[in-house]
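Undergrad: If you scroll down you'll find the structure; I have some questions about it.
The values are calculated or read from the model by the stated rules, or taken from the named source; none is laboratory data. In this text, all values refer to a predicted model and were calculated from it rather than measured experimentally. Every residue, glycine among them, receives a Cβ derived from its backbone with ideal geometry; neighbour counts consider all protein chains shown. Just the protein is used for accessible areas: all its heavy atoms, side chains included, with ligands, DNA and RNA removed. Shrake-Rupley method; radii C 1.70, N 1.55, O 1.52, S 1.80 Å.
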Amino acid sequence: MSLDLTDLRDGDPVSAHDLLVRAGRAEVLARQLREASVRDLMMPDAARLDDQRRLALRTLIRAVVENLSAAIGDRTRHLLSERDKNGALQALSFVDTSRILPMVESCLTCDAAVAGDLIDRVTLDLIGENLPSGVFAAKAAPWPAGLRTLDKRLATVRRAESRRRVSPGEASGPLDLSAESLSQFGWWIAASFARTADSNGDDRIALEQALADATGQVLATHDDREQLERAALSVAETLDLYGDALAAVVEHCLAERRIVLLTAFLAHGLGISMSATGSMIVDPGNLRLWLSLRALDLPPETVARLGYAICDADRRRNVTSFAEGLHRILAIPREAADAALSPLRLPDAFHAAMGALA
């Protein structure tokens, strides 16, 4: 082949239509990049994801999309083959699966609830990984052994914790997402397959029906009880600990870096949701975390060590400011702290709606 860039004799011919399509795609991409750059320019530093959280989030999203895409694609092919829909099956086989991820990511930018769920998830996990050692002495688990229900639920938590410690891209077990987020990803992926497939008429109808049926079947196999947050909360509900017994569990969870289990015990003790409790931990500007420790009437030394550990694990927090304000936190009456948290005991949807109208 000639290396002369002006030599047009070699290479496959390209129609004017194809060139216009490529130019249109490039123009859309350039516009999206410009818009993203402007949004990034106007965004305050505190709202930006740091590199560590950004990498963890993108890795999680890619793993979810790849795992669900494979499951939905396989199930759809099986259904089309069973239904003898060869035209639709051929259209599905030509889908460029590399286009599914960016399409799902574009859907994700329009769903603040799912995006927030994922961001809180990776942020909480990273805080757990970065908890300092030596703040709490490692001790045996402060709960009774030999209780069949409790042992079964603790085993579920340990399995889920093991999956969570594995990089999402390497995980081979069930996807550790809430049922709501997983469902949304499933339908985004199904729609992406449908939009990408080159089909029309009866083939398109058959393909879309098979995608809908396959997605419903794949999502139905998800056992929400195996999700770490759900499993951890079931343990907290079983033990139902308060006071000094709860303080011992808090110290154990921090010493073992079991951040999700810690969140579950705090949530149960406060009578608020896991998501609201997690948000208090991952949001450095949310002062309700310190109110919650007073509302639980934890010993002062536990409050101090827990606050230091969280501040040390999350570089967005200022441990000096926490130390200077500790005496003010401890001076708040327990009843007043508990009353201040009462809005969080409303249903999450109601609380979110109230916030939207503020």
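Undergrad: What do you reckon, is residue 161 at pLDDT 90 or above, out of contact with any Pro (no Cβ under 9 Å at 6 or more places or on another chain), of a type in the set (D, E, K, R) and farther than 30 Å from residue 83 by Cα?
TA: When the stated conditions are applied, residue 161 passes them.
Undergrad: From the set of residues in region 209-234 that are modelled with pLDDT of 95 or more and open to solvent by 50 Å² or more (accessible area, probe 1.4 Å), which is nearest to residue 89 (Cα to Cα)?
TA: 209
Undergrad: Would you pick out the residues in region 305-320 that are open to solvent by 60 Å² or more (accessible area, probe 1.4 Å) and assigned to a loop (DSSP other than H, G, I, E, B)?
TA: 315, 316, 318
Undergrad: Given the structure, is residue 182 outside any loop (DSSP other than H, G, I, E, B) and open to solvent by less than 30 Å² (accessible area, probe 1.4 Å)?
TA: So residue 182 passes the test.
Undergrad: Looking at 126, 118, 101, 177, can you tell me which residue is closer than 28 Å to residue 304 by Cβ and under 23 Å from the mean Cα position of the chain (by Cα)?
TA: 126
Undergrad: Restricted to region 268-287, and to residues that are among the β-branched types (Val, Ile, Thr) and within 21 Å of residue 247 (Cβ to Cβ), which residue is surrounded by the fewest Cβ atoms within 10 Å (Cβ to Cβ)?
TA: Applying the filter and picking the extreme gives 281.
Undergrad: Could you list, in sequence order, all residues of region 321-348 that are open to solvent by 80 Å² or more (accessible area, probe 1.4 Å), assigned to a helix (DSSP H, G or I) and without any contact (Cβ under 8 Å) to a residue 12 or more places away in the chain?
TA: 324, 327, 328, 335
Undergrad: Here is a further query. Anything in region 300-316 that is closer than 16 Å to residue 262 by Cβ and not small (Gly, Ala, Ser)? List them, or say none.
TA: Result: 302, 303, 305, 306, 308, 310, 311, 312, 314.
Undergrad: Still on this structure, I have one more. Of all residues in region 242-258, which are crowded, with 19+ Cβ neighbours inside 10 Å and touching a residue at least 40 places away in the same chain (Cβ under 8 Å)?
TA: 246, 247, 249, 250, 251, 252, 254, 257, 258 - these are the residues of region 242-258 that are crowded, with 19+ Cβ neighbours inside 10 Å and touching a residue at least 40 places away in the same chain (Cβ under 8 Å).
Undergrad: Tell me, which residue of region 199-208 that is of a type in the set (A, V, I, L, M) and more than 12 Å from residue 93 (Cα to Cα) is surrounded by the most Cβ atoms within 10 Å (Cβ to Cβ)?
TA: If we take residues in region 199-208 being of a type in the set (A, V, I, L, M) and more than 12 Å from residue 93 (Cα to Cα), then 206 is surrounded by the most Cβ atoms within 10 Å (Cβ to Cβ).
Undergrad: Residue by residue through region 260-273, note down the ones that are polar (S, T, N, Q) and either closer than 15 Å to residue 127 by Cα or assigned to a helix (DSSP H, G or I) (or both).
TA: Hit for region 260-273 is 263, nothing else.
Undergrad: Does residue 196 satisfy being of a type in the set (Ser, Thr, Tyr), surrounded by 22 or more Cβ atoms within 10 Å (Cβ to Cβ) and either in contact (Cβ under 8 Å) with a residue 12 or more places away in the chain or closer than 18 Å to residue 176 by Cα (or both)?
TA: No: the conditions fail for residue 196.
Undergrad: For the list (1) assigned to a helix (DSSP H, G or I); (2) more than 24 Å from residue 117 (Cβ to Cβ); (3) open to solvent by 10 Å² or more (accessible area, probe 1.4 Å); (4) in contact (Cβ under 8 Å) with a residue 40 or more places away in the chain, I need the number of the one condition that residue 302 fails.
TA: Just one mismatch for residue 302, condition (3).
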